[in-house]
Amino acid sequence: MSTVLETQEHKDLRAAVAALGRRFGRDYTTALARKGEHPRELWDEAGKLGYLGVNLPEEYGGGGGGMAELSIVLEELGAAGSPLLMLVVSPAICGTVIARFGTEAQKRTWLPGLSDGSLTMSFGITEPDAGSNSHRITTTARRDGDGGGGWILSGRKVFISGVDISDATLVVGRTEDARSGKLKPCLFIVPQDAPGFTRTRIDMELQAAEKQFELVLDDVRLPADALVGEEADTGLLQLFAGLNPERIMGAAFAIGMGRYALERAVDYARTRTVWKGAPIGAHQAIAHPLAQAHIELELARLMMQKAAKLVDDGDDIGAGEAANMAKYAAAEACVRAVDQAVHTLGGNGLTREYGLASLITAARVSRIAPVSREMILNYVSHQTLGLPKSY
């Protein structure tokens with residue numbers, strides 16, 4: 001894919017990460033997923049090379065880059081067939097929030113480990129009865145009456161990735177505003193072993209190394225410093241600071257997956273011969289849909305790069321629109337690329353040998369998570385086009 005808009009440093013990073021991804025590849029990832037194991041070896045190696053925390057501040061062990069660099073890491077790992085979903089969650093969402101809004105103690109405690117991969121953090125926002133509507137979140141925090149300034153957190157979360165391999169979960173809750181009495185969003189760092197914090201694995205048809213969990217927070221007592229940042233009205237800003245990188249990384253994940261599928265299909269179309277000695281890729285019915293898939297992936301990447309630059313430049317409002325558009329475009333391009341790749345291979349596309357069939361479900365997820373395409377269309381119709389809300 002074209003890298004004409006990237007600096008030489010970005011091109012070098014892309015090449016280096018691609019080489020790492022090829023050392024592991026899809027066979028490594030799928031074998032672990034089938035056994036229910038995590039790609040720990042790849043995670044540790046990526047951390048050792050500085051790729052996991054490339055977006056985090058240098059003074060806390062990171063690479064000093066931003067979402068432009070981290071999205072390259074995930075895209076190239078995905079294009080090699082070995083994506084790391086926790087890159088979306090741990091350094092991109094949680095690392096970004098703590099780097100921007102955390103106290104100095106929180107930064108010293110978490111950022112070095114998130115940078116080298118020795119610590120991992122999951123992100124808890126979705127709730128069973130709230131779905132995509134973050135305004136309906138009912139997980140609440142109240143002051144602990146013991147006089148120590150702590151918190152008591154209660155609620156439920158669902159479809160939370162990687163809790164079993166996380167040291168803590170960054171939980172989105174709500175506290176009562178002292179002035180207005182209204183509930184306002186706040187983020188809390190909840191250690192994995194906190195009393196009252198339990199998890200139940202969700203049985204998913206999707207085959208992936210990263211498992212999904214339902215969480216229950218039953219009057220979980222937290223110290224005062226579990227609240228991210230100082231006690232101020234920054235919860236909503238923190239939430240947006242995490243969700244824009246989430247959408248950008250969701251786009252990177254989808255683009256990488258689409259590229260992987262497309263490359264497999266193109267290789268097959270170049271060599272598969274059925275009629276009169278010409279490879280099937282010589283026929284426009286095969287070639288044109290693959291060309292279209294390539295174009296759509298390229299266009300999605302351009303929007304992802306725009307969104308990453310806006311985030312890295314500190315333009316949260318502009319980044320919100322671009323990040324949503326990037327995620328939408330990447331998901332649509334990914335689904336079509338995977339579908340066409342499988343179709344190109346025919347029956348072979350459904351065999352384990354070629355490793356494409358399992359991507360059909362995985363690609364479909366990109367349209368749903370972390371935010372559905374319908375909610376993105378709502379965002380664009382309301383925020384960009386100024387159309388009235390239907391809800």
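The values are calculated or read from the model by the stated rules, or taken from the named source; none is laboratory data. Note that the structure is predicted; figures quoted are calculated from it, not measured. As a convention, Cβ positions derive from the backbone with ideal geometry for all residues, glycine included, and neighbour counts pool all protein chains shown. With ligands, DNA and RNA removed, areas are computed over all heavy atoms of the protein, side chains included. Shrake-Rupley method; radii C 1.70, N 1.55, O 1.52, S 1.80 Å.
Could you identify the single residue in 52, 56, 5, 74 that is open to solvent by 20 Å² or more (accessible area, probe 1.4 Å) and within 29 Å of residue 314 (Cβ to Cβ)?
Details: 52 fails: open to solvent by 20 Å² or more (accessible area, probe 1.4 Å); 56 fails: open to solvent by 20 Å² or more (accessible area, probe 1.4 Å); 74 fails: open to solvent by 20 Å² or more (accessible area, probe 1.4 Å).
Unique residue meeting the criteria: 5.
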**Prompt:** Yes or no: residue 117 at negative phi and in contact (Cβ under 8 Å) with a residue 40 or more places away in the chain?
**Reply:** no
**Complete:** In the set 150, 113, the lone residue that is of a type outside the set (A, V, I, L, M) and either under 24 Å from residue 252 (Cβ atoms) or open to solvent by 50 Å² or more (accessible area, probe 1.4 Å) (or both) is 113
**Prompt:** Is it true that some residue in segment 274-294 is under 25 Å from residue 66 (Cα atoms), touching a Leu at 6+ places or on another chain (Cβ under 8 Å) and not hydroxyl-bearing (Ser, Thr, Tyr)?
**Reply:** no
**Fill in**
In segment 24-49, anything buried (at least 19 other Cβ atoms within 10 Å of the Cβ) and either on the phi > 0 side of the Ramachandran plot or among the aromatic types (Phe, Trp, Tyr) (or both) is listed as 24, 43
**Request:** Looking for whichever is closer than 26 Å to residue 314 by Cα, of a type in the set (Asp, Glu) and in contact (Cβ under 8 Å) with a residue 12 or more places away in the chain here; the options are 246, 210, 205. Which one fits?
**Result:** 246
**Asked** Within segment 304-331, can you find the residues that are closer than 19 Å to residue 255 by Cα and of a type in the set (Asp, Glu)?
**Response** 321
**Fill in**
Output for Cβ contacts, cut-off 8 Å, separation at least six or different chains, first residue closer than 15 Å to residue 246 by Cβ and in contact (Cβ under 8 Å) with a residue 24 or more places away in the chain in segment 55-69, second part of a helix (DSSP H, G or I) and among the small types (Gly, Ala, Ser), reads 55/92; 55/95; 66/308; 67/92; 67/307; 67/308
**Request:** Inspect segment 86-93 for any residue being under 15 Å from the mean Cα position of the chain (by Cα) and outside any helix (DSSP H, G or I) and give the result as yes or no.
**Result:** no
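Which of the strands (runs of 3 or more DSSP E) contained wholly in segment 178-260 include at least 1 residues that are in contact with a helix residue (DSSP H, G or I) (Cβ under 9 Å, 6 or more places away or on another chain) and open to solvent by less than 20 Å² (accessible area, probe 1.4 Å)? Write out each step before concluding.
Numbers: elements: 183-191, 197-201, 212-222.
Of the strands (runs of 3 or more DSSP E) lying wholly inside segment 178-260, those with at least 1 residues that are in contact with a helix residue (DSSP H, G or I) (Cβ under 9 Å, 6 or more places away or on another chain) and open to solvent by less than 20 Å² (accessible area, probe 1.4 Å) span 183-191, 212-222.
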**Complete:** Taking segment 275-333 and keeping only residues that are farther than 30 Å from residue 238 by Cβ and not in a helix (DSSP H, G or I), one is left with 275, 276, 277, 278, 279, 283
**Complete:** Within segment 335-377, the residues that are of a type in the set (Val, Ile, Thr) and either touching a residue at least 24 places away in the same chain (Cβ under 8 Å) or in a helix (DSSP H, G or I) (or both) are 335, 338, 342, 344, 360, 361, 365, 368, 371, 376
